[in-house]
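*Asks:* Sharing a structure here in structure tokens format.
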Amino acid sequence: MLEIIRSLLIGMFAIAVLLPVVRFAMRRMLAGSTGEKLTPEEQQYIQKKEWKLTIAYFFFACVLAVFSAGALAMLSSIIHASTGGWIHLLTPNFRAFFAPGLLLGLTLAVLPLRMVQRSLLGHDYEMYQTHLLQTEGRGSIKIYRVLFLAMVIISGIVVWFVMQWHIRIFENTLTVTNILSEERSYSMLDIDKIEYLGKEGEYLITFKDKTNINTSYLKPVQLEMIALLSEKSGKRVIR
């Protein structure tokens, strides 16, 4: 839970820092509209109202990040379960998918924000539109669309890579497929040690080539699976 909260705070801090930078760059590159102008007092007023939109964006981003991480973890299990032939299947859990889910949430949060923007600002909505035209001009909409599309593509690529990670355990071997879709098979006798990490379902499985599997980022590990690994490898679980 603390790791998830930390990831949320890092994501929100990154947005809080990057958003003003992007807006400043946009306003330097683009010429504002020469139409209706707001007074300095009105500009200060509407800039304060923008905080409503920022807070709403952060809320939508949190909700969508949590939903995306859970949905991706479930989808990963469904996809890899169809391969069959294994005794046990390990796929990334909510914790492993939270970073990609957060990236996806920060990207998609723009959509519900656009839907509720008018309701949040109320009678100040027209003034806000005038403020945007005055500071960024009409060309900013196209640039924001390109940025949104780029973020969707980047999020999709990250999700696709993480989705490839899974581990299949057979009677005498286990196969590890990493995020690059590279598959490596190990004999049970290649297991050097099995360590219990102090929490239920969390183990560190180390092989003789010094590679390891940390089940903290995988769906709950069954005791039957650990018993199988211990029996076939001849290694006792280290507590």
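The values are calculated or read from the model by the stated rules, or taken from the named source; none is laboratory data. Here the structure is a predicted model, which is why all the values come from computation and not from measurement. Glycine also receives a Cβ, built like all others from the backbone with ideal geometry; neighbour counts cover every protein chain displayed. Surface accessibility is based on the protein's heavy atoms, side chains included, excluding ligands, DNA and RNA. Shrake-Rupley method; radii C 1.70, N 1.55, O 1.52, S 1.80 Å.
*Asks:* Which whole-number percent is the relative contact order of the range 150-239 (Cα, under 8 Å, 6+ apart)?
*Replies:* Details: 125 pairs, mean separation 19.0, N = 90.
Computed value for the range 150-239: 21 percent relative contact order.
*Asks:* Any idea of the accessible area per residue across the chain, 1.4 Å probe, to the nearest Å²?
*Replies:* On the way: 14280 Å² over 239 residues.
Heavy-atom SASA per residue in the chain reads 60 Å².
*Asks:* What is the helix-to-structure angle for 140-163, meaning the angle in degrees between its Cα long axis and the longest Cα principal axis of the chain, kept from 0 to 90 and rounded to the nearest 10?
*Replies:* Rounded to the nearest ten degrees, it is 10.
*Asks:* Below 22 Å, Cα to Cα, which lysines can residue 193 reach? Residues fewer than 8 away in the same chain don't count.
*Replies:* Candidates past the 8-residue exclusion: 208, 210, 219, 232, 235.
*Asks:* I would also like to ask the following. Taking R0 as 25 Å, what FRET efficiency do you get between residue 209 and residue 161 from their Cβ-Cβ distance, rounded to the nearest 0.05? Show your work: numbers first, answer last.
*Replies:* Numbers: r = 23 Å, r/R0 = 0.92.
For residue 209 and residue 161, the calculated efficiency is 0.60.
*Asks:* Further, regarding this structure: What label, among [x] -0.22, -0.45, -1.45; [y] -0.37, -0.62, -1.31; [z] -0.21, -0.44, -1.69, belongs to log10 I(q)/I(0) by the Debye sum over Cα atoms at q = 0.07, 0.10, 0.18 Å⁻¹ computed from the structure on display?
*Replies:* [y]
*Asks:* Ok, one more. Taking all protein chains as present, what is the carbon and sulfur share of the accessible area of the chain, in % to the nearest whole number, probe 1.4 Å?
*Replies:* Working: 9290 of 14280 Å².
In the chain, the share of accessible area belonging to carbon and sulfur is 65 percent.
*Asks:* Moving on. Can you divide the C-alpha Rg of the range 56-182 by 2.2 N^0.38 Å and report the result to two decimal places?
*Replies:* Scaled against compact globular proteins, the figure is 1.45.
*Asks:* Taking the simple approach of a point 7 Å from Cα along Cα-to-Cβ for both residue 44 and residue 120, what is their distance in nm?
*Replies:* 2.4 nm
*Asks:* Can you give the % of DSSP beta bridges in the range 193-239 that are antiparallel, to the nearest 5?
*Replies:* Details: 7 of 9 bridges.
The answer is about 80 percent antiparallel.
*Asks:* For residue 48, give me every one of the lysines with a C-alpha distance below 23 angstrom, ignoring sequence neighbours fewer than eight places off in its own chain.
*Replies:* By straight Cα distance, residue 48 reaches 37.
*Asks:* Mind pulling the angle between the C-alpha long axis of helix 110-121 and the longest principal axis of the chain? Nearest 10 degrees, somewhere in 0 to 90.
*Replies:* For 110-121 against the chain, the angle is about 40 degrees.
*Asks:* Just grab the label-to-label distance for residue 17 and residue 75, each label 7 Å out from Cα along the Cβ direction, in nm (one decimal).
*Replies:* 2.9 nm
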